[in-house]
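Q: Let me begin by handing over the structure; questions about it come next.
The values are calculated or read from the model by the stated rules, or taken from the named source; none is laboratory data. Note that the coordinates shown come from a computational prediction; the quantities given were computed from them, not determined experimentally. Methodologically, a virtual Cβ is constructed for each residue, glycine included, from the backbone with ideal geometry; neighbour enumeration extends over all protein chains shown. Ligands, DNA and RNA are excluded from the accessible area calculation, which covers all protein heavy atoms including side chains. Shrake-Rupley method; radii C 1.70, N 1.55, O 1.52, S 1.80 Å.
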Amino acid sequence: MKSISPLFSVSTAKSPIFYFSPISRRLSSVKFAAPPKINSPDTKKPCSKSAKTLSAAPTIDPIATTAASSSPKKVLVPIGFGTEEMEAVILADVLRRAGAEVTVASVEKQLEVEAYGGTRLVADTFISACSTEIFDLVALPGGMPGSARLRDCEVLQKITSRQAEEKRLYGAICAAPAVTLLPWGLLKRKQTTCHPAFIDKISSFRAVKTNTQVSGELTTSRGPGTSFEFAICLVEQLFGEPVAREIGELLLMNPAGDDPRQEFNEVGWSLDRTPQVLIPIANGSEEIEVVTLIDILRRAKVNVVVASVEKSAQVLASSGTKIVADKLINATTDSIFDLIILPGGTAAAERLHKSKILKKLLKEQESAGRIFGAICSSPAILQKQGLIKDKKATAHPAVLDKLKDGVNDAQVVIDGKLITSQGLATAIQFALAIVSKLFGHPRARSVAEGLVYQYPRS
């Protein structure tokens with residue numbers, strides 16, 4: 001069976017699944033297919049039931065949709081102050097694309113939560129409203145102090161403990177396995193992985209250093225950089241291998257044969273001050289791209305301003321995530337930005353294109369010789385506004401033919417002071433490429449290590 005990417009492998013067990021190397025499984029009462037080289041004699045075919053999409057969510061971008069499903073799988077993703085936003089958003093987004101009915105619940109006294117990197121997310125409901133619900137999966141994002149906020153929530157502890165007792169799926173990523181699940185006693189007799197900064201809290205007899213670890217009903221993972229692997233592993237367990245394969249392809253998870261980065265007409269981007277970056281957002285923006293850019297650039301000590309082109313600061317992203325911008329776009333007109341980056345999303349791209357203020361800002365950016373770029377469907381905006389001209393660029397495969405000189409075999413393309421990317425899962429490479437150009441490769445590699453993301457040494 002054909003592999004989606006070099007990072008994807010296909011099991012030759014009775015029921016093939018995808019897993020990202022290295023995903024490791026230790027099976028007890030849950031009978032899912034195991035990857036090669038793991039002794040799992042009781043392996044059986046995973047659940048292949050699918051589910052309908054969340055009815056409360058907006059119509060999902062055709063770039064990102066999968067097949068409709070028949071019976072709902074209910075998933076809880078709790079968040080609190082300091083939750084790692086990439087992990088929370090990627091989990092919710094990927095599971096919704098697969099057809100799960102995802103509830104993002106706040107453990108705080110308010111629905112709006114400021115995440116680890118400063119992104120302001122709005123939960124669907126309070127955790128108290130979920131106390132009597134039955135979930136097929138409870139998935140805990142990490143981050144600090146987010147993991148401690150989850151740990152201290154008695155309602156969430158009861159929900160997750162009941163999940164484990166009744167042998168339904170539960171999972172945690174980053175700090176959450178050690179900081180949240182361990183004090184609750186939910187790692188007993190489970191092989192577990194987590195962020196390298198917290199692995200010493202887990203018994204050396206049970207701690208493993210694989211990117212994603214399945215042990216019975218429990219799935220754990222290491223950090224923001226392994227969030228896609230974690231989410232796809234959960235999708236496979238809920239819906240089966242075919243859906244996992246389809247979602248992996250839709251997310252553009254390191255397409256085989258594509259270079260991580262190609263650069264033309266190389267020029268320096270380094271500055272003698274803290275870089276000022278504008279990220280405009282709209283209803284329908286791809287939340288994975290928005291949050292990944294914000295999180296990674298802020299980790300690199302970039303001053304990021306998120307501006308809404310809507311009449312309100314809060315936008316409803318493509319897969320149902322509610323994000324609150326720092327300000328409205330009209331409040332940015334007196335500022336000069338070193339870099340303007342447009343996230344994607346088909347509906348959002350049209351709304352960004354119609355913003356007169358943003359159009360003026362982009363024109364001034366190009367005229368002044370400053371840096372600008374776009375990801376996913378948004379490079380088409382730059383093409384429409386005459387800002388790409390004879391430059392090399394890439395975009396989501398669904399819109400690549402709209403570019404005059406499109407590059408189809410690279411995740412990220414840099415041409416002078418223009419940077420573009422394919423979208424979704426390539427957003428991590430995109431953000432790290434920006435960091436590398438602004439600060440140098442060592443800074444980008446340092447940020448990647450904190451994400452637990454494999455990045456070239458040179």
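Q: Starting from the residue with the highest accessible area, list T274, T125 in decreasing order, probe 1.4 Å.
A: Numbers: T274 70, T125 35 Å².
Correct descending sequence by accessible area is T274, T125.
Q: Over 21 Å between Cα atoms: which of K391/K417; K322/K437; K384/K437; K327/K391; K363/K384; K109/K301 fall into that group?
A: Where the Cα-Cα span goes over 21 Å, the pairs concerned are K322/K437; K384/K437; K327/K391; K109/K301.
Q: Can you give me the solvent accessible area of Y455 with a 1.4 Å probe, rounded to the nearest 10 Å²?
A: 30
Q: Same structure, new question: Excluding residues on the same chain fewer than 8 positions from K311, give the aspartates and glutamates whose Cα lies under 15 Å from its Cα.
A: Here the aspartates and glutamates satisfying the reach criterion relative to K311 are D326.
Q: Using modelled backbone amide H atoms (1.01 Å from N, in-plane), which distant-in-sequence or interchain residues come within less than 5 Å of G117's amide H?
A: Placed amide hydrogens put E85 under 5 Å from G117.
Q: Using +1 on the beta carbon of Lys and Arg, -1 on that of Asp and Glu, and nothing else charged, what's the dipole of the stretch 310-353 about the Cα centre, debye to 20? Write out the running numbers ahead of the final one.
A: Working: 4 positive and 5 negative charges, 42 e Å.
Around 200 debye, computed over the stretch 310-353.
Q: Run the reach check for K74 against aspartates and glutamates, Cα to Cα strictly under 13 Å, same-chain hits fewer than 8 apart removed. What comes back?
A: List returned: E101, E133, D136.
Q: Just how far, in whole angstrom, is the stretch 146-203 from the stretch 84-107 if you go by their alpha carbon centroids?
A: Between the Cα centre of the stretch 84-107 and that of the stretch 146-203, the gap is 18 Å.
Q: Given +1 on the Cβ of Lys and Arg, -1 on the Cβ of Asp and Glu, and no further charges, what dipole in debye does the stretch 327-438 carry about its Cα centre, rounded to the nearest 20? Numbers along the way, then the final one.
A: Working: 16 positive and 10 negative charges, 73 e Å.
With only Lys, Arg, Asp and Glu charged at Cβ, the dipole is about 340 debye.
Q: Going by accessible area, probe 1.4 Å, with all protein chains left in place, what is the ranking of W269, W184, largest first?
A: These residues rank, largest area first, as W184, W269.
Q: Just report the Cα centroid separation between the stretch 395-433 and the stretch 313-386, whole Å.
A: 16
Q: With a 10 Å radius around each residue's Cβ, average the other Cβ atoms per peptide and rank 216-222, 156-162, highest first.
A: 216-222, 156-162
Q: At a 1.4 Å probe, what is the % contribution of carbon and sulfur to the accessible area of the stretch 140-272?
A: 49
Q: Could I ask something else about it? Please compare each pair in K360/K404; K209/K392; K73/K356 to a cut-off of 32 Å on the Cα-Cα distance and tell me which ones are over it.
A: K209/K392; K73/K356
Q: Sticking with this structure for a sec: Let me check something: with ligands and nucleic acids excluded, how do D272, D93, D409 order by accessible area (1.4 Å probe), largest to smallest?
A: The ordering from most to least exposed comes out as D272, D409, D93.
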